[in-house]
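First comes the structure, then the notes that go with it.
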Amino acid sequence: MKKGQISNKLRKIGLLYPLDMLRYRFMQYHNLKDNQKFKVENANIVLPPDYFMYESFQMNYQKYYFGGRETAEWILKKQ
């Protein structure tokens with residue numbers, strides 16, 4: 001069964017959002033210490049709300065900021 005089929009079945013029975021929220025909370029807890037450390041060391045950096053970076057960056061602030069910065073620099077070099 002493909003991921004899309006599973007998502008559709010979960011959506012039909014009303015479990016997609018609750019399970020997604022559970023995964024979101026787990027990722028938030030999983031990265032809590034590292035993210036708190038990042039905020040202390042980089043107090044001047046403004047980050048989006050956790051849920052915005054949850055899917056693509058697994059709610060890891062360091063991965064979001066430095067990975068995104070590295071990608072932006074790579075794009076600028078390509079122009």
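Assorted remarks:
- Scanning segment 56-79 for residues being closer than 15 Å to Tyr24 by Cα and surrounded by 12 or more Cβ atoms within 10 Å (Cβ to Cβ) gives a total of 5.
- The residues in segment 34-55 that are surrounded by 15 or more Cβ atoms within 10 Å (Cβ to Cβ), closer than 25 Å to Tyr17 by Cβ and among the aromatic types (Phe, Trp, Tyr) can be counted, and the count is 1.
- Counting only helices (runs of 4 or more DSSP H) wholly contained in segment 1-62, the ones carrying 2 or more residues that are of a type in the set (Asp, Glu) occupy 32-41, 50-57.
Read-outs: derived from the displayed coordinates by stated rules, not from any lab. The shown structure was predicted, so the numbers you read here are calculated from the model rather than taken from an experiment. Cβ sites come from the backbone with ideal geometry, for glycine too, and all protein chains shown count toward neighbours.
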